[in-house]
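What follows is one structure encoded as structure tokens, with my remarks underneath.
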Amino acid sequence: MGTGARRRMGVEERRQQLIGVALDLFSQRSPDDVSIDEIASAAGISRPLVYHYFPGKLSLYEAALQRASDDLASRFVEAPEGPLGARLLRVMSRYFDFVDEHGPGFAALMRGGPAVGSSATNALIDSVRQAAYEQILSHLGVEKAPVRLELVVRSWISLAESTALLWLDGRRIPRAELEVQLVQDFAALAAVSAAQDEEMAALLRGALGQEPSGGPFTDLVGKLLALAT
């Protein structure tokens, strides 16, 4: 006996289903290697029906990227409570969760390629970077960053991206070690800037003053002092 007719989805529900299916496939392989036929098959619909909701793979990719970018940007959101080092470590853990879940798609996005070459996708990438930048400033309790702090934060975001890409290429360094290293990289970048600028020095002293013994920042200071002796 049959199980009855399949429930008909509304337009927005079907669009969201296709976006979810595309994200799942893009998380397994580069978007350039995923066809509309595969997306249709995984969604249980025909190829022409996919085109009814999206004019082409690029538009579907951009919609999937919008959802992924919102997800990635949310990984930087953290309550402004407790030591900065611990907060950044939680941020990096969530960031690498995303990279782990969406490896091929993340790599294709950051490295560029035919599927991600539109101005719309580039704008989404920039929006994630800007959201990350604003969240890091909120962790520091800063509304408008002086130029040296902006340089530190934006450089660190770029470093996190390139580190994640290198990690995906064989995962030769344990992920947990890289998460700690990136948090300490932030402190190191800030320290170099603080050596040149009193405003940065005051900001760094305030952050270090809240760090507990054994935190990622104090651990880095201890190791650097050991190298100098």
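The values are calculated or read from the model by the stated rules, or taken from the named source; none is laboratory data. In this text, all values refer to a predicted model and were calculated from it rather than measured experimentally. Counting neighbours? That spans all protein chains shown, and the Cβs are built from the backbone with ideal geometry, glycine included.
Every residue in the stretch 154-174 that is buried (at least 16 other Cβ atoms within 10 Å of the Cβ) and farther than 15 Å from Ala107 by Cβ, please. Within the stretch 154-174, Arg154, Trp156, Ile157 meet the criteria. Take the residues in the stretch 28-43 that are part of a loop (DSSP other than H, G, I, E, B) and free of Cβ contacts under 8 Å to residues at least 24 places away in the same chain; name whichever of them is surrounded by the most Cβ atoms within 10 Å (Cβ to Cβ). Looking at residues that are part of a loop (DSSP other than H, G, I, E, B) and free of Cβ contacts under 8 Å to residues at least 24 places away in the same chain, I get Val34. When Ala107, Ala115, Ala123, Ala131 are checked against the criterion of being within 17 Å of Leu65 (Cβ to Cβ), out of contact with any helix residue (DSSP H, G or I) (no Cβ under 6 Å at 6 or more places or on another chain) and modelled with pLDDT under 95, a single residue qualifies: Ala123. One residue stands out among those in the stretch 48-88 that are of a type in the set (A, V, I, L, M, F, W, C), surrounded by fewer than 20 Cβ atoms within 10 Å (Cβ to Cβ) and assigned to a helix (DSSP H, G or I): the one that is nearest to the chain's Cα centre (by Cα), which is Ala73.
Within the stretch 182-205, the set of residues being out of contact with any Ser or Thr (no Cβ under 9 Å at 6 or more places or on another chain) and free of Cβ contacts under 8 Å to residues at least 24 places away in the same chain comprises Ala191, Val192, Ala194, Ala195, Glu198, Ala202, Arg205. For the stretch 203-229, which residues satisfy the criterion of being surrounded by 15 or more Cβ atoms within 10 Å (Cβ to Cβ) and not polar (S, T, N, Q)? Those that are surrounded by 15 or more Cβ atoms within 10 Å (Cβ to Cβ) and not polar (S, T, N, Q): Leu203, Leu204, Ala207, Leu208, Glu211, Gly215, Pro216, Phe217, Asp219, Leu220, Val221.
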